[in-house]
Each structure stands twice: as C-alpha cells, then as structure tokens.
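The values are calculated or read from the model by the stated rules, or taken from the named source; none is laboratory data. Being a predicted model, the structure only gives us computed values, none of them experimental. Here the Cβ is made from the backbone with ideal geometry for all residues, glycine too, and neighbour counts use every protein chain on show.
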Amino acid sequence: MHTYDSLKAREQKLLMQTYGRYPLAIQKAEGSRLTDFEGREYVDLLAGIAVANLGHGRPELAEAMAEQALKLVHVSNLFYQEEQLDLAEKLLATCLADRVFFCNSGAEANEGAIKLARRYTQIVKKKKAYEILTLQGSFHGRTLATVAATGQGGRLVEGFDPLPAGFTTVPFGDAKALEASVSEITCAVMIEMVQGEGGVRPLSQDYLEAIKDICHHYGLLLIVDEIQTGLGRTGRFWAHEHYGLKPDIFTSAKGLANGLPMGAILATEEVSRGFEPGCHATTFGGGGVLSVVASRTIDILLDEKLSERAERVGSLARARFRGIMAAHPTKVAEVRGLGLMIGIELTSPGKKVWEALLHKGFILNLTQERVLRLLPPLTIAEEDIEAFACILDEVLTSWNA
Ligand SMILES: *Cc1c(COP(=O)(O)O)cnc(C)c1O
C-alpha cells in the first residue's frame, strides 16, 4: 500500500472528521516546493494558507528556533520575557499601533480584539454597547464568537446554537446598509481589507472611506482582521496601508511566525486602555521560541523587501491571468486581488479545474466553489507563476464550464 493510502486510512480512523482534505500527503517542503511520499514535487501556490510567506524550510528560522529551544522554551506570561519585548518593538515599528498582545492563532486574536473593543467601550467609555457589525462573506475564525462574527452560514454555524449574541452581519459593499444597522448598542465594525475565504474580495477605497466616516460619526471602533492580509501578503506590510487607514485595533496571525502558531492583537494607546491586569490572558502567547522566530520572520520580510516583491510579482501575475481571462471569456469571470493574494473567479463551479491543476503539480485553493485562490510564498519565482499560467491556460482550454 502507498504511504498516502495508509495515511488516509489512519486519518479516517483516528481523527475527528472536520476537514475535507486534499488527496495528498506532503513529506517535505522547501522554498516553494512541496514533495509527497512518492517523491513527486508540487509548486506551492498556497503557502499553507498564507502562512509560509518566506517560503518553506528557511534555515535562518530553523537555527533561531533551535538556538532558543536550547535556551528557553516556555515560562509563561507571569514573567517579563526579553524575546517577547524584542518582537513587540519590531512588530510595532511596522505599523501605527502602540501596543500588542500576543496569542496563538487567528481566531484567538479576533476573539481578543472583540473583547478589547467591548471592554474599552464599556469600562473606559462607560457606554453600554457591545454589538460588532461584520460584513457578509467575511471569515474571522472558528471559536463561538468568531463564527458568530463570520458573515457566512452553513457548516460554519449549523448545530452550534446558541451562538454568542452581539454580532450583526451586513451586506458587503453597501455603506448605507451598514449605517442603517448602527444603533446605541453598536460598539465596533470589523472588516478584512481583502476578504480571503470570501473569495479574494478587496474593499474599494470609497467603501472604506464610508465605513471610516460611519465609525467616526457614531463613535465606533474600527477593527481590521489582517490575519490573512498582513505580513507583506498584499504588497504592503499591512493591507490597511493601501487605504491610508489607521485602525483602532487590528489582528495578525497566519504568516507571523512563518509556520509556528502565533497571533497578535494590535491597538492604539487609547483603545489599549480597555485591558487591565487580569482581564485577558493566554498561557502560550509570545513564548520564547515563537517570539524569536517571529522576530526573524519580520527581519527577513524587511531585509528581502518582500512586500515590495509581492506588489511587483503580484501585479505581473494578475496581468498575465487577465490575459488568460481574455482568451477564455466564457470561463473566467474576473481576476482580482492585491499583491500576492490573488483570486481567479471562474464562471461556474471549478472543482474540475482545481483537480486538473493539482494533477499537473500546482497546489492552490478553491474557495466559494469558483474562485481559484493563490497565496504563494512571497519568495515565489516568477518562472513558477509563468509555468502555472501556461498550465491554467491549457486546463481551461479543455474544461467544459
Ligand atoms: C485564517 C483566518 C482566521 C482564523 O485564523 P486561525 O488561526 O485559523 O484561527 C481569521 N481571519 C482571517 C481573515 C483568516 O484568514
């Protein structure tokens, strides 16, 4: 029996069946290449879902990890930790936020951001408001509060009643509907600058300006979920920079430690007053190993100018894909995105296209049934994108949409 078949059988017997997995098991990864158990190589256009922004198997990170692991792995947040503070300085230097809280995942960062927004509003501003407005098609995580915040139904929420109260989803792209939903119980608006799971949908500048005005007018906090869009992904260090925005609170995770689990809540000095000793905590957040790896990740992102690279390579890629769209007008509906966060929307459900691409050795994601989502390492070679474009053209030619 092949290793793949035996792993699949063991998974089905041992693990809770929460994932629709790809028909693939990966043995090793380097740069933008994944290798399966039969030694077959794939071009990675997914980076572990926007996580391995620097590419896989970076020796600098492995060394930092090993060195710190021999020195100190975990003592808890009962102690002052040098590695965590070094990371905080580096991270805060990349943005306009003043303070940070470290945690372990995206959902945990968003959960904390929601708590911070509510607590700031209720304790500092002494306002009895708690409701968070979110956008349809958003994705904010899988904890109870973050699925309630997520503007999608179906499997995400089915059977998990009662969900926490205080979340209202409004139609995407409709500032009037957002404003109409604001009431005296509203405390914040939570958005992604480019919806990821929702199908790679960037907010327009006009829409964002309208959201900003609404927040300003009604005294609401603006929370930006940068979990997928942060760390250079969209061609800026943070996607909100494209829009000239200073969020009250924003969250990070995915690429923050290039593969180790780490999240962060970042906020202004003012809003950070919402948290006081004892009101929020996490055991593992900002531990030594995670912190040194995240610090090195930020160094490398900046040294190698990977945001700039994402901007340049991403715009070349989108132009190339638009050429493919022009050649297949009945099969490709739209090419969109920012930097190396790219969506190619097909005119009908694209499982067959996705499978054919996988079969040809290209790993990417299919979201919302018809959007091919590319989130490659920011270090991806232009030749890999070109090779993908040629194969996509070929696959689309033989696909009966
Ligand atoms: C992945 C993601 C999350 C959830 O992060 P987890 O680490 O899986 O909890 C939240 N928001 C966005 C935009 C994401 O892409």
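Points worth noting:
- Matching residues, region 19-76, being touching a Lys or Arg at 6+ places or on another chain (Cβ under 6 Å), closer than 18 Å to residue 357 by Cα and of a type in the set (Val, Ile, Thr): 35
The rows are residues; the columns are (1) surrounded by fewer than 18 Cβ atoms within 10 Å (Cβ to Cβ); (2) within 22 Å of residue 305 (Cβ to Cβ); (3) hydroxyl-bearing (Ser, Thr, Tyr); (4) at pLDDT below 95.
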residue: 43; (1), (2), (3), (4): no, no, no, no
residue: 59; (1), (2), (3), (4): yes, yes, no, no
residue: 66; (1), (2), (3), (4): yes, no, no, no
residue: 70; (1), (2), (3), (4): yes, no, no, no
residue: 73; (1), (2), (3), (4): yes, no, no, no
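- Any chance residue 250 is of a type in the set (Phe, Trp, Tyr), within 14 Å of the ligand (Cβ to nearest atom) and in contact with a helix residue (DSSP H, G or I) (Cβ under 8 Å, 6 or more places away or on another chain): yes
- Screening the candidates 223, 191 for the property of being touching a helix residue (DSSP H, G or I) at 6+ places or on another chain (Cβ under 6 Å), within 12 Å of the ligand (Cβ to nearest atom) and at pLDDT 95 or above yields one hit, 223.
- Residue in region 287-305 that is under 18 Å from residue 74 (Cα atoms) and assigned to a loop (DSSP other than H, G, I, E, B) present: yes
- Positions within region 43-72 being part of a helix (DSSP H, G or I), in contact with a Gly (Cβ under 9 Å, 6 or more places away or on another chain) and either within 16 Å of the ligand (Cβ to nearest atom) or within 23 Å of residue 227 (Cα to Cα) (or both), in sequence order: 47, 48, 49, 50, 61
- The test for being of a type outside the set (Gly, Ala, Ser) and in contact with a helix residue (DSSP H, G or I) (Cβ under 7 Å, 6 or more places away or on another chain) holds for residue 292.
- Looking across 86, 98, one residue alone is within 18 Å of residue 238 (Cβ to Cβ), surrounded by fewer than 20 Cβ atoms within 10 Å (Cβ to Cβ) and touching a Ser or Thr at 6+ places or on another chain (Cβ under 7 Å). It is 98.
- Any chance residue 311 is at pLDDT 95 or above and part of a loop (DSSP other than H, G, I, E, B): no
- Residue tally, condition assigned to a helix (DSSP H, G or I) and surrounded by fewer than 24 Cβ atoms within 10 Å (Cβ to Cβ), over region 122-147: 6
- Some residue of region 202-218 being in a loop (DSSP other than H, G, I, E, B) and either within 16 Å of the ligand (Cβ to nearest atom) or aromatic (Phe, Trp, Tyr) (or both): yes
- Residue 11 vs. criteria touching a residue at least 40 places away in the same chain (Cβ under 8 Å) and out of contact with any Asp or Glu (no Cβ under 8 Å at 6 or more places or on another chain): no
- The residue list 150, 146 contains one member that is within 16 Å of the ligand (Cβ to nearest atom), touching a helix residue (DSSP H, G or I) at 6+ places or on another chain (Cβ under 9 Å) and over 30 Å from residue 296 (Cβ atoms), which is 150.
- Scanning region 226-244 for residues that are of a type in the set (A, V, I, L, M, F, W, C) and within 16 Å of the ligand (Cβ to nearest atom) returns 227, 231, 238, 239.
- Among the residues of region 219-231, those identified as part of a strand (DSSP E or B) and either in contact with a Gly (Cβ under 9 Å, 6 or more places away or on another chain) or within 25 Å of residue 372 (Cα to Cα) (or both) are 224, 225.
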